[in-house]
Amino acid sequence: MTKNITELIIDDRNSNTLHASNGMDWRVISDTVMGGVSSGKLIPTETNGRHCLRLTGDVSLENNGGFVQASIDLLSSGLLDASDYSGIEIEIYGNGEVYNLHLRTEDTRIVWQSYRTSFHALPHWQTLRLRFDDFQPYRIDKPLDIMKLRRLGVVAIGREMHADVCIGRLSLFR
């Protein structure tokens with residue numbers, strides 16, 4: 001039997017809460033978990049007519065810090081097998097800054113390990129298709145195993161900046 005599903009929706013943002021379509025909850029994480037002083041908040045809102053989650057905050061490099069992140073687990077239990085898909089499609093509205101999309105897998109056991117790609121969040125709604133092939137390993141020697149995805153994060157990282165990015169619909173695409 002062939003699959004006709006061209007996408008797998010993670011969050012369609014039809015909820016005006018932190019609860020996503022996949023049954024999981026979004027959360028904000030900052031470098032304070034490691035002694036940094038960056039701050040952030042994540043709120044459901046509407047921007048230019050679209051429901052979204054708005055991640056705002058200030059990234060500071062003080063105390064070896066440097067990130068603010070909106071993250072979501074991809075399944076309530078186990079790992080997501082994305083081998084039938086080519087990458088992640090995300091609707092973004094930003095403040096002109098460069099952000100990262102981070103993936104965590106079964107192999108990323110230490111908090112600073114991830115697979116990363118960057119994108120420019122322009123000050124208008126745009127739909128980005130980020131291919132799994134574009135994700136680079138960070139502080140891990142293993143290649144990205146898309147059969148074992150655990151978590152996804154939209155991250156302001158690595159330099160002092162004011163984060164202000166809206167996350168709209170999020171899915172896997174073929």
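The values are calculated or read from the model by the stated rules, or taken from the named source; none is laboratory data. Nothing here was measured: the structure is a model prediction, and the numbers come from that model. When we count neighbours, we look across all protein chains shown, and the Cβ atoms used for this are built from the backbone with ideal geometry, even at glycine.
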Every pair of residues 6+ apart whose Cβ atoms lie under 9 Å, when the first sits in region 92-112 and is closer than 19 Å to residue 29 by Cα while the second is aliphatic (A, V, I, L, M) and at pLDDT below 95: 111/33; 111/34; 112/34
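Tally time: how many residues in region 138-156 are of a type outside the set (Lys, Arg) and either touching a residue at least 60 places away in the same chain (Cβ under 8 Å) or in a strand (DSSP E or B) (or both)?
Qualifying residue count, region 138-156: 9.
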Check on residue 159, among the basic types (Lys, Arg), more than 26 Å from residue 23 (Cβ to Cβ) and in a loop (DSSP other than H, G, I, E, B): yes
Counted residues, region 92-107 - those being part of a loop (DSSP other than H, G, I, E, B) and touching a Ser or Thr at 6+ places or on another chain (Cβ under 6 Å): 0
Verdict on residue 127 being surrounded by fewer than 21 Cβ atoms within 10 Å (Cβ to Cβ), in contact with a helix residue (DSSP H, G or I) (Cβ under 8 Å, 6 or more places away or on another chain) and in a strand (DSSP E or B): no
